[in-house]
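Report on the following structure.
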Amino acid sequence: MLRELIIPLTLGLSLFMFGMKIMESALHAWAGPMLTKLLNASTTTPLKGMLLSTLVTAVLQSSTAVTVMTIGLVNAGLLTYARTLGIILGGNIGTCLTTELIAFNFAEIALPLLIISALLWAASILVLEYIPSPSSGLQMRLRALQYGSFAAAGFSLILLAIRWMQSVSPALQQAGILDWLINRASDSLLWGAAAGAALTALVHSSAAVIGMTMTLVGSGAMPVELGIAMVIGSNVGTCVTALIASLGGTRAGSFVAWSHILLNVGGAALFLPFVSVLHTVSGWFTGDLSAQIAHSQTIFNVVCSVLALPLCYLPVWQGRGSPPPLKHAS
């Protein structure tokens with residue numbers, strides 16, 4: 001149990017925090033007027049931020065990656081808390097594509113990304129070292145390449161850490177923890193949501209839990225409504241990664257993580273009494289039981305984000321958890 005479960009989780013958490021700090025440091029060093037202006041222009045309103053985040057999350061196939069990157073940007077002083085509200089909502093919508101394409105594994109690019117980042121960083125160092133008197137324009141581009149590759153390397157370490165922590169799934173299965181949670185979930189929908197949240201928190205992947213749920217429902221081993229409850233719970237469990245990413249960061253980064261938690265917990269509380277309705281609506285689109293699980297995830301996230309969007313325009317959020325003014329290195 002120690003070797004298969006405790007050690008991978010501990011080392012994975014350590015690697016996650018190390019990658020998070022590397023990415024934050026690189027983003028802070030890379031921060032300049034053009035980058036800040038682009039970020040601010042893309043998030044001037046919660047609606048713009050939501051649309052941008054939906055697109056980015058759909059492309060990256062990982063709401064966890066987008067959430068972690070957002071916390072990193074806030075901790076680095078590139079975004080204020082108020083400008084992240086739309087990003088949080090859009091991340092939940094964009095991740096629905098992950099559910100629909102459940103076989104896609106975003107973590108597979110982590111190692112190639114790390115290698116490419118290291119090569120680009122080394123190349124920029126060599127060019128600066130051996131080119132006599134490089135122009136200021138070339139120096140600026142090479143420095144940007146260094147910071148960008150360093151940030152990408154930190155991000156790849158985060159992905160590797162998530163993949164590492166996901167590797168404990170067989171140990172959980174062997175220990176009987178998964179079977180125990182699923183058996184308890186058969187007692188009530190609330191237990192189903194709790195099982196989905198716990199499993200996702202343990203393996204750090206809502207996609208993995210939803211994929212398992214789709215398999216169980218498709219084979220008839222689990223009722224559809226219980227599967228939908230587990231899916232709703234998995235959205236709560238995925239907040240653990242955001243909470244971990246906020247540890248040791250700024251006050252604004254903590255606000256981002258807790259806003260993510262509040263959105264998903266509030267949405268779960270809203271939808272759990274209406275699981276049967278969600279089942280019926282999902283059945284309008286397809287008769288395939290596994291696909292109904294995927295569609296219920298999409299409906300849940302879209303409706304929750306749309307309902308929460310007007311709240312993001314309240315003046316109370318302006319300035320809350322904002323970082324101090326940026327100081328750019330000369």
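Each reported figure results from applying straightforward, stated rules to the coordinates on display, with no laboratory input. Treat the numbers as computed from the prediction; the structure is a model and nothing was measured. Every residue, glycine among them, receives a Cβ derived from its backbone with ideal geometry; neighbour counts consider all protein chains shown.
Residue separation times 0.36 nm, minus the C-alpha to C-alpha distance between Ile7 and Tyr130: what's the value?
Numbers: separation 123, 0.36 × 123 = 44.28 nm, distance 4.35 nm.
Extra length from Ile7 to Tyr130 when fully extended: 39.9 nm.
Cβ-Cβ distance of Trp284 and Leu247, R₀ of 45 Å, FRET efficiency by 1/(1 + (r/R0)^6): the value works out to about 0.60.
Taking a point 7 Å out from the Cα of Leu190 in the direction of its Cβ, the residues of the range 271-296 whose backbone N falls within less than 17 Å of it are 271-276. Compared with the direct C-alpha span, the chain from Ala122 to Arg141 gains 5.4 nm at full extension, assuming 0.36 nm per residue.
Ranked by the mean number of other Cβ atoms within 10 Å of their residues, highest first, the peptides 261-267, 145-151 fall in the order 145-151, 261-267.
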